[in-house]
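Below is one structure; the comments refer to it alone.
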Amino acid sequence: LSHLTKASDSSMSQLGALLFDPSHFTDATVIAEGTPIPCHRVILCSRSEYFNALFSNNMMIEGQMGVAEIADIPHAVCLQLIRFLYTQTIDFDALEPIVIDALIWSQTLYLHDLTRQLGDVVGASLTLENVDYLLELASTHQLSRLQAQCQRFKTSASVAPKTALKKKKSTKKTAAGE
């Protein structure tokens, strides 16, 4: 049985190498900032409603030619989103400087799992300095989960100072009463 596992692991490694090597059997191209990214329609269409609608419709030029130019998306963001479609993993180190753009574009391209994960990452970094900006961004781009996180953060931030103030007053009363 162990020889079957080794053969399967080897086959999966070979398949993975084929999929990530753009010279092997690609049948679609996504263009971001004028730079082509060779892809496989089956991967994009099976994991994204956006790409499925785009490439499955033979009435559209993208469906006929297998080429989709996505206007305004930064190349680095597009590359990370496509990598996610292939691997279902996120390279947080690569995404850190572009996480807001990646979040907005994941929502735009209907990558629901990625949108949820990136929204949670952004939500975990809320501060008093960025919460208003992120709340407006979430509202503008219909990021309801992040919007709710921002609202909860603002509510808890406004309650925290009042609680601290009450504690200070009770401490002063105790000190005055002694």
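At a glance:
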{"item": "Cβ pairs under 7 Å, 6+ apart, first in the range 123-134 and in contact (Cβ under 8 Å) with a residue 12 or more places away in the chain, second outside any helix (DSSP H, G or I) and open to solvent by less than 40 Å² (accessible area, probe 1.4 Å)", "result": "134/126"}
{"item": "Residue match in the range 107-122 (condition: open to solvent by less than 30 Å² (accessible area, probe 1.4 Å), in contact (Cβ under 8 Å) with a residue 40 or more places away in the chain and either assigned to a helix (DSSP H, G or I) or among the small types (Gly, Ala, Ser) (or both))", "result": "no"}
{"item": "Any helices (runs of 4 or more DSSP H) falling wholly within the range 1-58 and containing at least 1 residues that are modelled with pLDDT of 60 or more and closer than 13 Å to residue 78 by Cβ", "result": "41-47, 49-56"}
{"item": "Tally of residues being of a type in the set (Asp, Glu) and more than 19 Å from residue 107 (Cβ to Cβ) across the range 29-51", "result": "1"}
{"item": "Test: residue in the range 123-130 that is over 10 Å from the mean Cα position of the chain (by Cα), part of a helix (DSSP H, G or I) and either of a type outside the set (Phe, Trp, Tyr) or closer than 30 Å to residue 155 by Cα (or both)", "result": "yes"}
{"item": "Hits in the range 58-83 (condition: open to solvent by less than 60 Å² (accessible area, probe 1.4 Å), out of contact with any Ser or Thr (no Cβ under 8 Å at 6 or more places or on another chain) and without any contact (Cβ under 8 Å) to a residue 40 or more places away in the chain)", "result": "62, 76, 80"}
{"item": "Test set (1) more than 15 Å from residue 104 (Cα to Cα); (2) in contact (Cβ under 8 Å) with a residue 40 or more places away in the chain - residue 54 fails condition number", "result": "(2)"}
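The values are calculated or read from the model by the stated rules, or taken from the named source; none is laboratory data. From a predicted model like this one, the values you see are computed outputs, not experimental measurements. Cβ: placed from backbone, ideal geometry, glycine included. Neighbour counts: every protein chain shown. Protein only, heavy atoms only, side chains kept; ligands, DNA and RNA dropped before computing areas. Shrake-Rupley method; radii C 1.70, N 1.55, O 1.52, S 1.80 Å.
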